[in-house]
Amino acid sequence: MNIVVCLKQVPDTNSKIRTNVDCTDIDKSQISYVLNPYDEYALEAALLLKEKYSEVYITAITVGEEKAVEVLRNALALGVDSATHVVTSLPLDALNSAKILSEIIKLLKVDIILCGRQAVDDDAFQVPGALSLYLEASICSVVSKIEVSSDEKSLQVQRVLESGRKQSMTLNFPCVLSCQKGINNPRFATLPGIMKAKKKEIKVLQATDFDLTKSSYSLVKMKEQKVQRECLLFDDDIDSQVKEILNFLSKETRII
Amino acid sequence: MAHVLLIVNGLEEKIHSVVLEILTWVNSLDREVQISCFVIGRINDDLTLKLQKYGADHIYHSDDDQLVLANPLSVFKTVLKLVDEIKPKYVFSGASYIEKELLSRLAAKKGKELFNDVTSILMSDDSLEIQRPIYAGKIEAFYKGIDDQIYMSFRNGIVDKVQEKNKEPDLQQIQVVEDLKNVIVNEMSISGKKAVDLTDAEIIVTGGRGLGSPENFSIIEDLAHVLGGTVGATRAVVDLGWRPYTEQIGQTGKVVTPKLYFACALSGAVQHLVGMSSSKYVVAINKDREAPIFSHCDLGIVGDVFKVLPALTEELKKVLNKSGS
């Protein structure tokens, strides 16, 4: 099986995100970067398949700035076989990222493409769907369970919808899956793995060498989310606290 | 006249609040609009009546199993054919997984822009200003542009839903374009309990690690029950295996917009705050006066959840029974 994992470097979810002075982008000076949390699940899913089946080859691809090479080094340390970095100095929208990924993947004859549910920076939830369309591949988003069928030509997958319903599907290769939290427990790289990964070659491409399209919509401004709440704190006895809550529920919220 | 195609998720045999909000908003626009609804799932009288009351002009539906099973490729091909026929200027839906996946493929196919999880939109002449949260809601992003077709999924809470139009929508059976070559849906389970989808819930009671054990969530469940609310959980307790992932609220879980949010025995990590900060009212109960959640609530109780919650639940039972009788 030939597997591609699509990875993206994003600001650490612990980071405070602020806008820059002219509110056109975020202020990147104070931010540390990590692999997108959902992509960790995609990467782990690929590694689990490699452990279980013979002749599995994993390629990790990222589209991102120079420093995004870190997520590829980490992926190599964990055991992916090769890595491609499409370097871009500008953030690309989902359609362009998917376009670039699809053009690389088309050359690789891939069976399974694994992505995270969404990247937690632009939260677009678009790349896996668009990628499946460009590749004419089958698709299942928010997958929480993957099993390979006995002929190794299709997958049995399961996802849980917002309502709690479980949907089970059979997907023929090639297929694009976006991974949901809960599908597995991502592993950490080992020191020998990290040392070995340092020597591995990473293929570098330039985003500008791809045919990019311009969107008819543009980002005009960013604003920091600030919810101002006037908090009333109570730390007296239980009876008065309960009374305060009841009072609040009837007077403010009008729920009772 | 602008044509809106609204994708309606009818898999739960009821209509999500966001669909009615979109209908309310579109009908309130100062222009002539035609609204066609496409239903994923099976329609029933209640569903059609709601769409009628909120002003749908056409309802496209089918009894075909592929729609009830929500086969991604069959639904995609069927809607794509409809898009090619009616050429909508706007394709809208609620922001659930199935619709977002569908829109991502449609928009890519048409080479048009898609905005997911939109929270606000301004229409002037033909240009649009769109607001949506990015960085898990830490930042609001505003986009502007103009095109002959655009795709958008909306979060709950864009407007208050109002039944203002009562149209006589025509019901049209649609021919499903089956595509079973590459994706077969083997099973669509019935949702376990009649739990309210958290993103649709009016009242949510969330518990954090401070509860100490999964068993102790009974005090959360009791309060949720008496208020007719839904139970939520923090990432910490989901990671510990105390509660299912479907209940997780926050950056790698759900973003919720209830009228009332109870934050119990949780500190208020930034990843949690982004999932619940759009709640209308927030009540926090925590024994640590310094907990960050106290800067993000309307009413803060510095106290022991094991004492406050059972006492509150008992009082609520009395009050609600009295008003009910």
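Quick notes on this one:
- DSSP-defined antiparallel bridges as percent of all bridges, the protein assembly as shown, nearest 5: 35
- Global geometry of chain B, whether rounded, prolate or oblate, following the gyration tensor of its Cα atoms and the 1.5 cut on a/c: prolate
- Listed residue pairs exceeding 28 Å between alpha carbons, taken from A:8/A:28; A:52/A:109; A:8/A:196; A:153/B:77; A:145/A:223: A:145/A:223
- Rounded to the nearest 500, the 222 nm mean residue ellipticity of chain A from helices alone is -8500 deg cm²/dmol, with -39,500 (n - 2.57) taken per DSSP H run of at least 4 residues.
- Rounded to whole numbers, the Karplus 3J(HN,Hα) couplings from phi for segment B:150-167 are 8, 10, 8, 10, 10, 7, 4, x, 5, 9, 6, 6, 9, 7, 10, 9, 10, 8 Hz, using 6.51 cos²θ - 1.76 cosθ + 1.60 with θ = phi - 60°, and x at Gly and Pro.
- Residue order, fewest to most surrounding Cβ atoms within 10 angstrom, among B:54, A:134: A:134, B:54
- Residue with peak Gaussian network fluctuation, chain B [Cα springs, cutoff 10 Å], from B:311, B:236, B:107: B:311
- Amide H contacts of residue B:172: B:59, B:60, B:61, each under 5 Å away and 5 or more positions distant or on a separate chain (H built 1.01 Å from N in the peptide plane; Pro and chain starts excluded).
- Distance from the Cα centroid of segment B:141-211 to that of segment B:82-108 is 12 Å (rounded to whole angstrom).
- Order of A:149, A:141, B:93 under a 10 Å beta carbon neighbour criterion, fewest first: A:149, A:141, B:93
- Axis angle, to the nearest 10 degrees, between helix B:17-28 and the longest C-alpha principal axis of chain B: 50 degrees.
- Tensor-based shape of segment B:70-216 (alpha-carbon gyration tensor, a/c under 1.5 rounded, otherwise prolate or oblate): oblate
- Separation of segment B:240-273 from segment A:170-209 is 29 Å, based on Cα centroids.
- Long-range HN-HN contacts of residue B:115 with modeled amide H, under 5 Å: B:151, B:152, B:153
- Rg/Rh ratio calculated on Cα atoms of chain A (Kirkwood radius): 1.08
- Other protein chain C-beta atoms within 10 Å of residue C-beta, averaged over B:140-153: 4.
- For residue A:16, the aspartates and glutamates whose Cα comes closer than 18 Å to its Cα, not counting residues fewer than 8 places off in the same chain, are A:25, A:27, A:121, A:122, A:123, A:224, B:140.
- Backbone geometry of segment A:68-83 corresponds, through the Karplus equation with coefficients 6.51, -1.76 and 1.60 at θ = phi - 60°, to 3J(HN,Hα) couplings of 5, 4, 4, 5, 6, 4, 4, 5, 5, 5, 7, x, 6, 8, 8, 9 Hz, x marking Gly and Pro.
- Segment B:198-324 shape via C-alpha gyration tensor axes, a/c threshold 1.5: rounded
- Highest-fluctuation residue, B:281, B:143, B:60 considered, GNM on chain B with Cα pairs under 10 Å: B:143
- Reach of residue A:214 by Cα under 12 Å, taken over aspartates and glutamates that are not fewer than 8 positions away in the same chain: A:93, B:113
- For segment B:274-317 and segment B:1-40, distance of Cα centres in Å: 36
- C-alpha long axis of helix B:97-110 to longest principal axis of chain B, angle in °: 30
- Segment residue A:216-residue A:32, extension gain: residue separation times 0.36 nm, minus the distance between their alpha carbons: 63.1 nm
- Value of [θ]222 nm, deg cm²/dmol, for chain B, DSSP H segments ≥ 4, -39500 (n - 2.57) each, nearest 500: -9000 deg cm²/dmol
- Among the listed pairs B:14/B:259; A:181/B:259; A:181/B:50, those whose Cα-Cα separation exceeds 25 Å are A:181/B:259; A:181/B:50.
- Residues considered: B:166, B:186, B:156. Largest GNM mean-square fluctuation over chain B, using C-alpha springs under 10 Å, is found at B:186.
- Highest-first arrangement of B:126-132, B:7-13, where packing means the average Cβ count within 10 Å: B:7-13, B:126-132
- Going from the residue with the fewest nearby Cβ atoms within 10 Å to the one with the most, A:90, A:114 rank A:90, A:114.
- Near residue B:277: Cβ cut-off under 10 Å, other residues only, Lys/Arg at +1 and Asp/Glu at -1. The net charge is +3.
- Order by protection proxy (mean Cβ within 10 Å, highest first), peptides A:186-193, A:2-9: A:2-9, A:186-193
- Spin-label pair residue B:164-residue B:146: with each label point 7 Å from Cα along the Cα-Cβ axis, the two points sit 2.6 nm from one another.
- Shielding of A:128-140 by partner chains, average beta-carbon count, 10 Å: 5
- Per-residue mean of C-beta atoms belonging to partner chains within 10 Å, peptide B:298-309: 5
None of the figures in this text is laboratory data; all of them are computed from the coordinates on show. What you are looking at is a predicted structure, and each value in this text was computed from that prediction instead of being measured. Please note: Cβ atoms are built from the backbone with ideal geometry, for glycine as well, and neighbour counts cover all protein chains shown.
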